[in-house]
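Beneath this line is the structure, given in structure tokens, with notes to follow.
The values are calculated or read from the model by the stated rules, or taken from the named source; none is laboratory data. This structure is a prediction, so every number in the text was calculated from the model and none was measured. Quick reminder, even Gly has a Cβ in these numbers, built from the backbone with ideal geometry, and neighbours come from all protein chains shown. Quick note on the areas: whole protein, heavy atoms, side chains included, nothing else; ligands and nucleic acids left out. Shrake-Rupley method; radii C 1.70, N 1.55, O 1.52, S 1.80 Å.
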Amino acid sequence: MGTYIVRRILISIPVLFGITVLAFGALSLAPGDPLTSRIDPEILAQMSTEQVEAARRALGLDQPVPVRYVIWLGDVVQGDFGYSVVNKLPVTQEVLVRLGPTLILMTVALVVGTTAGILFGIVAAVRQYGVVDYLVTAFSTSFIAIPTFVTGLVLIYIFGAALKILPTTGMITLGKPFSLGDLAAHMVMPVVLLSIQLSAPLARYTRASMLEVLNTEYMTTSRSKGLRGRIVLLRHGFRNALIPIITIVGLTLPDLVAGAVITESLFGWPGMGQLAVKAATGRDAALMMGVILVVATGVLVSNLITDILYGVVDPRVRLGARA
Amino acid sequence: MADPGGTAPETTTSGGAVDTRQVVLAHDTLVRMAIRRFLRHRLAISGLVVLGLVVFMAVAAPLITAYPPEVLDLHSIKLPPSLAHPFGTDVLGYDVWTRVAFGSRTSLTVGFGAVAISIVIGTLLGILAGVYGGVVDQVIGRLTDTILSMPALLLVAVFVSVVGPSLQSVLIVIALLTWPQITRLVRGQYLTLREAEFVTAARIVGVSNTAIMLRHLLPNIFGPLSVAATFYTAQAILLESALSFLGLGVKPPTPSWGNMVN
């Protein structure tokens with residue numbers, strides 16, 4: 001198991017480098033002088049040629065792209081992500097402030113979404129072609145087809161604008177002392193939205209995976225041994241169905257991050273997703289790189305957790321030669 | 001028809017029945033068989049009807065709308081649905097029905113365009129990786145891994161922020177980030193097909209490597225490829241609307257379903 005984990009970590013390091021090279025290369029291709037997007041045009045117009053050159057050197061913009069990448073990488077290793085050009089704040093500070101809210105949102109949504117998806121999937125599979133099965137299929141297919149932001153706007157319209165029972169923006173009510181209830185109320189809609197996005201495909205995959213397992217001979221065997229239905233279903237059936245389900249959850253995590261970008265913009269949630277949109281609209285390269293690096297690390301770490309979970313669920317992975 | 005105590009004459013008649021069926025089959029072309037199977041499938045038909053309506057809306061947009069899509073009328077803002085404005089008007093005085101109809105052009109252009117480009121790139125690289133293996137496969141494989149491990153929306157946002165948001169840039173950027181999934185599929189198909197007997201047979205006859213690749217292997221991956229293409233078209237349309245919604249995609253006044261919702 002140990003070597004298995006180490007190998008997985010070693011595989012993900014070049015991928016992380018690849019992402020930063022790709023993003024850095026793309027961002028440095030931006031047309032025009034990067035300096036103009038970094039300095040107030042009015043101030044730039046008043047600067048002398050020498051001052052412009054000095055500013056360019058100070059920002060390291062006179063170097064070729066590969067050199068600039070190495071400089072950036074060296075700084076990042078030392079914890080310096082540079083300055084957000086739009087806000088004049090260190091990127092590290094900007095990112096750290098945003099990390100907490102995103103992690104809270106994603107963790108809760110991940111727990112709610114996977115639980116709901118798996119539960120609905122199992123019920124649909126056990127009651128195949130029943131009313132519940134058709135309902136689950138209808139809802140999950142619709143939510144896969146409807147864009148996240150449309151569902152989100154409908155939620156806001158119903159619960160925020162028409163019924164007025166849930167707050168629609170932000171994480172807490174401004175000007176009110178912090179309370180857990182207030183935070184929870186603000187979280188309901190973003191979490192529901194993200195969970196729907198996660199559980200809709202998951203329910204379909206769980207259903208398919210369970211149906212496959214339900215028809216195997218060891219299920220018939222354990223039932224004919226006289227084991228109780230629920231034990232057969234959960235301990236013999238679900239455990240085997242779980243392996244493809246873990247794969248799907250792992251694969252949809254990048255989608256969940258993307259969904260968080262939309263959800264956070266929609267609900268004004270002060271997280272990484274909103275920061276990414278701000279960086280992209282403001283053409284803020286340093287901030288964009290910071291966001292990309294953090295998100296990439298997050299995705300790779302969760303891939304690693306997925307791989308470890310395989311080993312936990314499936315002894316063949318843990319003990320097998322292919323580990 | 002299957003009689004356990006079947007006698008000789010009966011066998012001949014059933015044999016004759018099979019013969020007539022084969023005659024009927026011979027008259028049917030592959031395409032006609034496919035069409036007949038499709039028509040029997042109720043879900044497929046309803047899908048075709050919906051898609052047909054959207055395509056019709058996109059093609060006939062100027063004929064079925066009464067206003068130019070990019071001209072706003074400040075005298076009629078936020079009107080409720082009426083005969084003159086079937087879907088009402090928005091805060092800027094755009095006729096919503098007109099924008100919806102013309103917005104379908106944006107969605108379909110990005111969806112089909114991006115997937116067409118990514119299929120060309122993806123198939124080409126997939127073939128190269130699957131056929132040559134070795135270093136070529138490694139390089140292409142790592143590149144696909146890298147792109148696929150990132151949320152597409154975020155990478156698209158990076159590239160679009162560089163080239164500036166527009167219909168063309170969104171289309172090209174989505175294409176440049178979708179090809180790895182196609183490459184993976186094609187590569188996998190080539191790896192399995194490479195060992196197939198008809199490939200060995202073609203090689204024995206003396207068919208060149210390129211001809212085997214293009215004439216013997218490529219038609220065999222059309223099935224999975226077309227399934228993937230429909231799936232990624234849907235994905236590209238959703239991605240475009242999400243980007244336009246965030247203000248990183250198609251910019252007003254060009255109508256897009258995404259920027260209309262914003």
All conditions in (1) touching a residue at least 60 places away in the same chain (Cβ under 8 Å); (2) of a type outside the set (A, V, I, L, M); (3) crowded, with 20+ Cβ neighbours inside 10 Å are true of B:Phe245 except (1)
message = Can you find a residue that is touching a residue at least 40 places away in the same chain (Cβ under 8 Å), under 24 Å from A:Val257 (Cα atoms), within 14 Å of chain B (Cβ to nearest Cβ) and touching a helix residue (DSSP H, G or I) at 6+ places or on another chain (Cβ under 6 Å) anywhere in segment A:114-135?
response = no
TODO: Could you please let me know if B:Pro86 is touching an Asp or Glu at 6+ places or on another chain (Cβ under 9 Å) and over 15 Å from B:Asn259 (Cα atoms)?
DONE: yes
Quick check: is even one residue across segment B:140-152 surrounded by fewer than 21 Cβ atoms within 10 Å (Cβ to Cβ), away from chain A (no Cβ under 14 Å) and within 29 Å of A:Met288 (Cα to Cα)?
-> no
| said: Condition (residue is open to solvent by 20 Å² or more (accessible area, probe 1.4 Å), of a type outside the set (A, V, I, L, M, F, W, C) and in contact (Cβ under 8 Å) with a residue 12 or more places away in the chain) applied to segment B:114-137: is it met by at least one residue? | reply: yes
Quick count over segment A:117-142, residues being within 29 Å of A:Trp269 (Cβ to Cβ) and either more than 18 Å from the chain's Cα centre (by Cα) or surrounded by fewer than 14 Cβ atoms within 10 Å (Cβ to Cβ) (or both), is 9
When segment A:223-261 is checked residue by residue, the ones that are charged (D, E, K, R) and in contact (Cβ under 8 Å) with a residue 60 or more places away in the chain are A:Arg239
Quick count over segment B:235-262, residues being within 8 Å of chain A (Cβ to nearest Cβ) and not β-branched (Val, Ile, Thr), is 8
Those residues of segment B:26-77 which are closer than 30 Å to B:Gly93 by Cβ, of a type in the set (Ser, Thr, Tyr) and open to solvent by less than 70 Å² (accessible area, probe 1.4 Å) amount to B:Thr65, B:Ser76
Counted residues in segment A:224-238 being open to solvent by 90 Å² or more (accessible area, probe 1.4 Å) and at pLDDT below 85 come to 3
Of those in segment A:255-298 that are acidic (Asp, Glu) and open to solvent by less than 10 Å² (accessible area, probe 1.4 Å), the residue farthest from A:Leu183 (Cα to Cα) is A:Asp284
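One line per residue, one yes/no per condition, for (1) without any contact (Cβ under 8 Å) to a residue 40 or more places away in the chain; (2) open to solvent by 20 Å² or more (accessible area, probe 1.4 Å); (3) over 30 Å from B:Val158 (Cα atoms):
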{"site": "B:Tyr190", "(1), (2), (3)": "no, no, yes"}
{"site": "B:Glu195", "(1), (2), (3)": "yes, yes, yes"}
{"site": "B:Ile212", "(1), (2), (3)": "yes, no, yes"}
{"site": "B:Tyr232", "(1), (2), (3)": "no, yes, no"}
{"site": "B:Met260", "(1), (2), (3)": "no, yes, no"}
Q. Can you spot a residue in segment A:33-43 that is in a loop (DSSP other than H, G, I, E, B), within 10 Å of chain B (Cβ to nearest Cβ) and at pLDDT below 75?
A. no
